[in-house]
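Only one structure is covered here, and it is reproduced in the block below.
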Amino acid sequence: TDFREIVINSWKTLCKGGFREGIDRFGVATGMISDSRRRDCTEVCEWARGSLSAEGFFQRFHTAGFAGDNRRGVPEVFRQILHDYLEREVTDSDVYRILRHFVLIKFDVLHQAATDEPSAIERLRLQLIPSDSHRASDL
């Protein structure tokens with residue numbers, strides 16, 4: 001449910017006026033995702049950013065041995081979420097556009113042995129307006 005909302009809000013951001021193709025990004029920062037799922041999503045999004053076209057991007061999934069089943073599933077998850085939201089056929093171009101701007105950041109902050117808490121606080125501080133930057137540790 002949360003991921004579905006993130007993908008839908010990412011699509012809305014992509015469709016806003018002023019969004020800069022190939023420059024702007026959207027996505028999710030989380031502490032709760034398996035390393036294998038994070039790796040699959042991140043790698044597929046990097047493939048999209050490294051491809052010159054939707055055709056070139058999707059060709060990777062048709063090349064034997066290039067993408068495993070988990071990585072092949074990433075574009076289809078995005079496609080299904082967008083299909084449900086838009087209530088129309090979602091093209092390869094639509095999926096390519098959202099994936100090439102999507103980023104997933106994993107913070108290691110939700111357990112006693114966490115290593116990213118100081119780094120996460122500083123990264124969050126930079127995203128807050130200056131008057132609220134002292135509240136980064138609250139996040």
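The table below gives the values:
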quantity: In the stretch 1-46, the residues that are in a loop (DSSP other than H, G, I, E, B) and either surrounded by 14 or more Cβ atoms within 10 Å (Cβ to Cβ) or in contact with a helix residue (DSSP H, G or I) (Cβ under 8 Å, 6 or more places away or on another chain) (or both); calculated: F19, E21, G22, D24, R25, G31, I33
quantity: Qualifying residue in the stretch 86-95 (condition: assigned to a helix (DSSP H, G or I) and buried (at least 17 other Cβ atoms within 10 Å of the Cβ)); calculated: yes
quantity: Of all residues making up the stretch 114-136, the number that are within 19 Å of L104 (Cβ to Cβ), in contact with a helix residue (DSSP H, G or I) (Cβ under 6 Å, 6 or more places away or on another chain) and at pLDDT below 70; calculated: 0
quantity: Which listed residue is surrounded by 12 or more Cβ atoms within 10 Å (Cβ to Cβ), assigned to a helix (DSSP H, G or I), in contact (Cβ under 8 Å) with a residue 60 or more places away in the chain and of a type in the set (A, V, I, L, M), from I98, I105; calculated: I98
quantity: The stretch 11-46, subset of a type in the set (K, R) and under 12 Å from the mean Cα position of the chain (by Cα), residue nearest to R100 (Cα to Cα); calculated: R25
quantity: Index of the failed condition, N70 passing every other in (1) modelled with pLDDT of 75 or more; (2) open to solvent by less than 100 Å² (accessible area, probe 1.4 Å); calculated: (2)
quantity: Whichever residue in the stretch 93-113 is touching an Asp or Glu at 6+ places or on another chain (Cβ under 6 Å) and of a type outside the set (D, E) and, among such residues, is modelled with the highest pLDDT; calculated: F107
quantity: Pair list, Cβ under 7 Å, 6 or more apart: the stretch 81-92 residue farther than 11 Å from I8 by Cβ and at pLDDT 95 or above, other residue among the aliphatic types (A, V, I, L, M) and loosely packed, with under 12 Cβ neighbours inside 10 Å; calculated: none
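The values are calculated or read from the model by the stated rules, or taken from the named source; none is laboratory data. None of these values were measured; they are calculated from a predicted model. Every residue, glycine among them, receives a Cβ derived from its backbone with ideal geometry; neighbour counts consider all protein chains shown. Calculation scope for accessible area: heavy atoms of the full protein, side chains included, ligands and nucleic acids excluded. Shrake-Rupley method; radii C 1.70, N 1.55, O 1.52, S 1.80 Å.
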